[in-house]
1. Among the residues of the stretch 261-294 satisfying the criterion of being under 20 Å from the mean Cα position of the chain (by Cα) and over 18 Å from A80 (Cα atoms), which is surrounded by the fewest Cβ atoms within 10 Å (Cβ to Cβ)?
2. When you scan the stretch 63-81, how many residues do you find that are assigned to a loop (DSSP other than H, G, I, E, B) and either touching a Ser or Thr at 6+ places or on another chain (Cβ under 8 Å) or closer than 17 Å to A193 by Cβ (or both)?
3. Among the residues of the stretch 174-201, which ones are under 22 Å from H154 (Cβ atoms) and either without any contact (Cβ under 8 Å) to a residue 60 or more places away in the chain or of a type outside the set (A, V, I, L, M, F, W, C) (or both)?
4. How many residues are under 24 Å from L231 (Cβ atoms) and outside any strand (DSSP E or B) when one looks only at the stretch 1-50?
5. Does V82 satisfy the condition of being crowded, with 21+ Cβ neighbours inside 10 Å, at pLDDT 95 or above and closer than 24 Å to A236 by Cα?
6. What do you reckon, is A137 closer than 19 Å to S258 by Cβ, of a type outside the set (K, R) and surrounded by fewer than 22 Cβ atoms within 10 Å (Cβ to Cβ)?
7. Have a look at Y17, Y70 and point out the one that is under 19 Å from I161 (Cα atoms) and buried (at least 16 other Cβ atoms within 10 Å of the Cβ).
8. Any idea which residue in the stretch 153-176 is nearest to E117 (Cα to Cα), counting only those that are of a type in the set (A, V, I, L, M) and surrounded by fewer than 20 Cβ atoms within 10 Å (Cβ to Cβ)?
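The values are calculated or read from the model by the stated rules, or taken from the named source; none is laboratory data. In this text the structure is predicted, and so the values were computed from the model without any measurement. Positions of Cβ are backbone-derived with ideal geometry, glycine not excepted, and every protein chain shown enters the neighbour counts.
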Amino acid sequence: MTDHQRVLGFIGGSGVYAVDALEGAERLDIETPWGAPSDALMRGRMNSVEVVFLARHGAGHRLPPSHVNYRANIDALKRAGVTDVISISACGSFREELSPGTFVTVDQFIDRTSQREKSFFGPGFVAHVSMAHPVCAALGDALDASCAALGIPHHRGGTYIAIDGPQFSSLAESNLYRSWGCDVIGMTGMPEAKLAREAELPYATLAMVTDYDCWHETEGPVEVGKILETLKANTANAARLVDAVTKRLGPVRAPSPSGAETALDMAVITAPEARDPALLEKLDAVAGRFLAKTR
């Protein structure tokens, strides 16, 4: 795969509902075979880079984590021509040094969600993508360097545990996740990262710490009011970061070191003659490259 034009997709989590600095912004209402995405997509340009933005929870934060249609969101971004995806998400911290206001460039995930559709594939077309290294290192490098350049407190690397929510953790759960070596906790990183890999989209998560969950002995339990206070500052920094990372990445991209763009080549196991035509039709965007070369 040769270098080509970048179309950078941003998925905004809690507190990040728009990218105000997009030039020539236009609304994209995209239908997908998996249902409606969280909201209309907004497409424009920033620093000569084509950008597509999607608010994960919808305008006004209408959707709780387990009601987000993650499949439709990723499919819609793929249909909009996105080549790389950066997720910006609020999270809780399990580490003293990852204090509220710190941005963490996640590199691993633990999926503890149970109420969500987690794959585009299924009976009639089986695929097993590798999630050993779920994050694109090139995108992670750009996020980390942009945080450093802007003076935003940041940490490179960390394990994100995803839970269903919408409730926050119990103290016992919080201590359990800490004992597992988790660094941050959120409710939306999965199955989003899995679906991005199935769609052959390089993906990275920037986790914005808002609280210490409930394990911290002096901070007290996490509450929405406290989170919103920190979110205001995080959201301002997120806007600065989006500008900086588009400048750093630029309009021309090279293949991801994650190999995400060809993830399905080593994942699909169903023989061509056994594939379900109805499911293949639904996969026209997500698996379009793979299907074009194997039909």
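1. Checked the stretch 261-294; the qualifying residue surrounded by the fewest Cβ atoms within 10 Å (Cβ to Cβ) is T262.
2. Counting residues in the stretch 63-81 that are assigned to a loop (DSSP other than H, G, I, E, B) and either touching a Ser or Thr at 6+ places or on another chain (Cβ under 8 Å) or closer than 17 Å to A193 by Cβ (or both) gives 3.
3. Y177, R178, G181, D183, G186, T188, G189, E192 - these are the residues of the stretch 174-201 that are under 22 Å from H154 (Cβ atoms) and either without any contact (Cβ under 8 Å) to a residue 60 or more places away in the chain or of a type outside the set (A, V, I, L, M, F, W, C) (or both).
4. 14
5. no
6. The answer is yes for A137.
7. Only one candidate qualifies: Y70.
8. Ranking the candidates gives L176 first.
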